[in-house]
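Colleague: This is the structure I have questions about; it appears just below.
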Amino acid sequence: MFFSFAVRNLKRHWIRSALSIIGIVIGVVAIASLGIMGNSINLLVANVITDVGDTIVITPHTAIGGTFAGDPRTAVDAAIPVREVEEIRRAANPHRTIPVLQGADEVEFGRGESGYTQIIGLASDDIPILLDLADGQYPRQNQPGALVGTYLAAEYDVAPGSRLTIGNESIRVAGVLAERGFAADINPDYAIVVPDGWYESHFGARDTYPMVIVRVGDAEEIDAVKEAIDSRINRREDIVDILDSRDMLRQYEEIYQQITVFLVGIGGISLIVAAVNILNVMYISVTERIREIGVMRSIGALRREVLRMFLYEAVILGLIGSIIGGVLSTAFGYLISLAAVEVFTAGTTFGENITVFDLSAVGYIVFGMAFGIGTSIAAGFYPAWNASQLAPVDAMRQK
């Protein structure tokens, strides 16, 4: 009886009820969709970072802490001396230690096309350990050649056997590298990789390295290797920063978790606005029906029954708005996930077979719906409680 009474009252005030429902829908969609967006970006980054768990990256320590490979903040005149590289090699033994040379020069690709390109120098026997080929072959020490990143090769139509001019020096293209993506160490997709001997003959002999990579075969040994390197190199002062792929992932996760919380908070504000509207609707409902409440109380209706009747109205508003919001959030969340994959993997193949609409995304939808229903009940409770506390005689005297 009391449930049908609440439904009839909502029909009577359908305009105000509709506005409350719209507010709840907006709040639920905002919470769920924004939460899904933050979660999607977080999952996407975790999916596209390669070689997670088997790579240690060592860079010169600078005044800026907490950097990772490729961080533009590390672009200062700092490097790791050869003697420290040898110390790293001893500490990391038997795992592979790979010193990396990095520079840039103007490259002419033929047909009059040229551009300033990153040049990476690696020892010939280290290149197959670190990088995979899509086409061609690895350069040999006695037959130097260049390996071109997959996106660079596609942009300038470079293939094995082509010739490049780096600075004023010509070099044959030995192969094209396989797509690597946002790796924790080097990102050669838009770079050219050459043997370290050719690199030093072109740029001049070097006795320092901007980066050293250690490939650890067993992920369970990463922490032990990092500790051995740290105790050997940084025993007196911080000379190098030591990170692994997991550190990079943790940094991204912390950033995107904060973004997700912020976005969900914005959605929560929308629901608070809806709650104020529901509170207003419930107060008006109680005010307009004081005499009815008096009649109901005089014929034996209990206070808890009057309380329940008005709470039913708030629950109905919350349920309708949350269900509609949940359905819309599912659609919007899926579209947001597709858009995130498209934006962050544009021009790559990393978007293939990656899904960012998972159980966490569904969790945000459920959370948004539960928050919407809970907000409605909380907003309707005080007016409902006031209505239940009215004395029958006083209520019937009201005009």
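Yes or no, residue by residue, for (1) at pLDDT below 75; (2) assigned to a helix (DSSP H, G or I); (3) within 30 Å of residue 181 (Cα to Cα):
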{"site": "15", "(1), (2), (3)": "yes, yes, no"}
{"site": "32", "(1), (2), (3)": "no, yes, yes"}
{"site": "39", "(1), (2), (3)": "yes, yes, yes"}
{"site": "42", "(1), (2), (3)": "yes, yes, yes"}
{"site": "50", "(1), (2), (3)": "yes, no, yes"}
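Colleague: Let me ask another. Inside the range 109-175, counting only strands (runs of 3 or more DSSP E) that do not spill past its ends, which hold 2 or more residues that are closer than 13 Å to residue 189 by Cα and among the aliphatic types (A, V, I, L, M)?
Modeller: 113-122, 133-136, 146-148
Colleague: May I pose another question? With respect to residue 334, is the statement that it is touching a Phe, Trp or Tyr at 6+ places or on another chain (Cβ under 8 Å), modelled with pLDDT of 80 or more and open to solvent by 50 Å² or more (accessible area, probe 1.4 Å) true?
Modeller: No, not satisfied.
Colleague: Name the residues in the range 136-161 that are within 32 Å of the chain's Cα centre (by Cα) and surrounded by fewer than 16 Cβ atoms within 10 Å (Cβ to Cβ), would you?
Modeller: Across the range 136-161, the qualifying residues are 154, 155.
Colleague: Hey, another quick one. Within the range 193-214, restricting attention to residues that are among the charged types (D, E, K, R) and modelled with pLDDT of 90 or more, which residue is surrounded by the most Cβ atoms within 10 Å (Cβ to Cβ)?
Modeller: 196
Colleague: I'd like to verify a number: residues in the range 162-184 that are over 11 Å from residue 108 (Cα atoms) and either open to solvent by 50 Å² or more (accessible area, probe 1.4 Å) or in contact (Cβ under 8 Å) with a residue 40 or more places away in the chain (or both), how many?
Modeller: Keep residues of the range 162-184 that are over 11 Å from residue 108 (Cα atoms), which gives 162, 172-184.
Now narrow it down to the ones that are either open to solvent by 50 Å² or more (accessible area, probe 1.4 Å) or in contact (Cβ under 8 Å) with a residue 40 or more places away in the chain (or both): 162, 172, 175-184.
Residues meeting the conditions: 12.
Colleague: Check the range 219-233 and report whether any residue there is assigned to a strand (DSSP E or B), under 26 Å from the mean Cα position of the chain (by Cα), over 21 Å from residue 82 (Cβ atoms) and modelled with pLDDT under 90.
Modeller: no
Colleague: Specify which of the listed residues (266, 259, 284) is touching a Gly at 6+ places or on another chain (Cβ under 9 Å) and either at pLDDT 70 or above or within 30 Å of residue 21 (Cβ to Cβ) (or both).
Modeller: Every option except 259 fails the conditions.
Colleague: Being part of a strand (DSSP E or B), of a type in the set (A, V, I, L, M, F, W, C) and modelled with pLDDT of 70 or more: is that true of residue 56 here?
Modeller: Values: part of a strand (DSSP E or B): yes; of a type in the set (A, V, I, L, M, F, W, C): yes; modelled with pLDDT of 70 or more: yes.
Here the answer is yes, as residue 56 does meet what is asked.
Colleague: Please determine whether any residue of the range 238-247 is touching a Phe, Trp or Tyr at 6+ places or on another chain (Cβ under 9 Å), modelled with pLDDT of 90 or more, among the hydrophobic types (A, V, I, L, M, F, W, C) and under 28 Å from residue 149 (Cα atoms).
Modeller: There is no residue in the range 238-247 that is touching a Phe, Trp or Tyr at 6+ places or on another chain (Cβ under 9 Å), modelled with pLDDT of 90 or more, among the hydrophobic types (A, V, I, L, M, F, W, C) and under 28 Å from residue 149 (Cα atoms).
Colleague: Something else: With respect to residue 104, is the statement that it is hydrophobic (A, V, I, L, M, F, W, C), in the same structural domain as residue 187 (by TED's automatic domain parsing), modelled with pLDDT of 90 or more and in contact with an Asp or Glu (Cβ under 6 Å, 6 or more places away or on another chain) true?
Modeller: no
The values are calculated or read from the model by the stated rules, or taken from the named source; none is laboratory data. Quantities reported herein were computed from a predicted structural model and do not represent experimental measurements. Neighbour counts run over all protein chains shown; Cβ positions are idealised from the backbone, glycine included. Ligands, DNA and RNA are stripped out before the accessible areas are found, and what is left, the full protein with its side chains, is counted by its heavy atoms. Shrake-Rupley method; radii C 1.70, N 1.55, O 1.52, S 1.80 Å.
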